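Trainee: Here it is, the structure, as C-alpha cells.
Taken together, the values in this text are just the output of simple stated rules run on the coordinates, not laboratory data. In this text, all values refer to a predicted model and were calculated from it rather than measured experimentally. Reconstructed Cβ throughout: ideal geometry from the backbone, glycine too, with neighbour counts over all protein chains shown.
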C-alpha cells in the first residue's frame with residue numbers, strides 16, 4: 001500500500017507502508033506534480049489523481065509508477081475529487097462545474113454547472129446513482145440520474161457547508177459548517193442531530209455507518225457517535241492543525257492515517273470493540289512539508305490474492321463478497337459521452353516515471369543515454 005500526500009510546496013509524496021510485526025513507512029517517490037499547491041487527492045485500485053490551484057488534474061498510474069497525463073476541463077482551483085469504483089471520477093472546482101470522467105479513456109462524459117459559486121465538496125452515494133455537492137453559493141444540491149445524459153440537479157437546501165459526506169450504508173449524510181456537523185437522514189432529508197466542536201473542521205470520515213472521525217484547526221482527533229452525537233474518544237495526534245484523515249481495514253485491523261501541517265503522516269491502530277480507548281500509534285514519517293491532502297492507495301490485486309489464499313485454508317468468504325460488490329457497483333455509471341465536453345478535455349500524452357527520492361542521478365543518466 002502507498003500513502004500519498006500533497007502539499008503547498010507543489011510536491012506529491014509517496015510512502016510505502018509495510019505491515020509486519022511492527023508497521024514501517026519508507027519513502028517511495030517524490031514528484032513535482034503541479035505548478036501550484038495541491039488541493040485534492042483521490043485514489044482507486046489503479047490510479048491516483050491530484051487537483052491543484054493550477055487548474056489541472058494530474059493522473060498517476062500506480063501499477064506502472066508513471067505520470068499518466070493531465071485533465072484540463074476546469075477553470076479555477078480543483079477543490080474536490082472522488083472516484084466511483086474503477087471506471088469513473090467526479091471533479092469539482094472554483095468554476096462551479098462538476099465533471100464526470102470515464103477513467104478507461106479519460107474523457108469527460110459530462111460537465112454540469114452545479115453551483116453559481118465554487119464547488120467546495122462533493123460525495124457520491126454508495127449505490128453510484130446520485131451525488132451531493134455543496135458550494136459557496138450556500139446551496140446543497142442533489143444530482144440524480146448520474147448514469148443518464150439528462151442528469152437532474154435539485155436544490156435541496158441553503159447551507160454554508162464546506163464539507164459533505166455519505167455514510168457507508170447510504171442511509172445518512174453529514175454536512176460541515178465551520179465547526180458544526182449536521183447529520184441528515186436520507187429518506188426525510190431532515191436533521192437528526194448536530195455535533196459541535198471548538199475549532200473549524202477541516203477533515204471528516206465515517207469509520208462505521210454510525211461513527212465519525214473528525215479533525216480540524218487543532219491537534220486533536222475526535223470520534224463521535226452519529227446516533228447520540230456524543231464524543232466517544234479524543235486524543236492529541238499532531239503538533240499542528242490536521243489537514244487530512246483516511247481509514248482502511250486490513251486483515252481485520254482498522255487503520256487511521258492522519259496528515260498535519262507539521263509535516264508528519266501518522267498511522268494509528270483503532271480497535272472498534274474498544275472505541276473509547278485511545279488508538280495506538282503504529283508508525284510515523286516526516287515529509288518536512290506543509291501537507292494539504294491525503295489518501296491511501298491499496299494494491300487490490302495483491303489484496304485479492306492474499307485473501308483467496310486465506311480463504312482456501314480458513315473458509316473466509318467475506319472479503320470475496322466485498323470485492324464482488326465493488327465490481328458490480330462500477331456499472332452504475334455509464335460510458336455515454338457528452339461530445340461538447342469531450343472536445344474541451346485534454347490529456348497530455350507524455351508519461352513521466354515517478355522519481356524515487358535517491359535515484360535522481362540515475363534517471364538523468366538514463367535520459368541522456
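Trainee: Can you tell me which of 60-66, 128-134 comes out highest on packing, and rank the rest after it, using the mean Cβ neighbours within 10 Å? Spell out each step's value before the answer.
Mentor: Values: 60-66: 16.6, 128-134: 22.7.
Highest mean packing first, the order is 128-134, 60-66.
Trainee: For the peptides 168-174, 275-281, what is the packing order when you average, over each peptide's residues, the other Cβ atoms within 10 Å and list the highest mean first?
Mentor: Values: 168-174: 16.4, 275-281: 14.0.
Final packing ranking: 168-174, 275-281.
Trainee: Whole Å is fine, so just give me how far the alpha carbon centre of the range 24-43 lies from that of the range 57-111.
Mentor: 16 Å
Trainee: Tell me, 49, 43 in order of fewest to most beta-carbon neighbours within 10 Å? Intermediate results must be reported in sequence, preceding the final value.
Mentor: Numbers: 49 26, 43 19.
Ascending number of Cβ neighbours within 10 Å: 43, 49.
Trainee: Right, next: Cα convex hull of the range 155-199: mean projected area in nm², to one decimal? It would help to have the intermediate numbers written out before the result.
Mentor: Values: hull surface 13.4 nm².
So the mean shadow area of the Cα hull is 3.3 nm².
Trainee: With a 10 Å Cβ neighbour count serving as the proxy for reagent exposure, in which order, fewest first, do 136, 258 appear?
Mentor: On the way: 136 16, 258 25.
Lowest count first: 136, 258.
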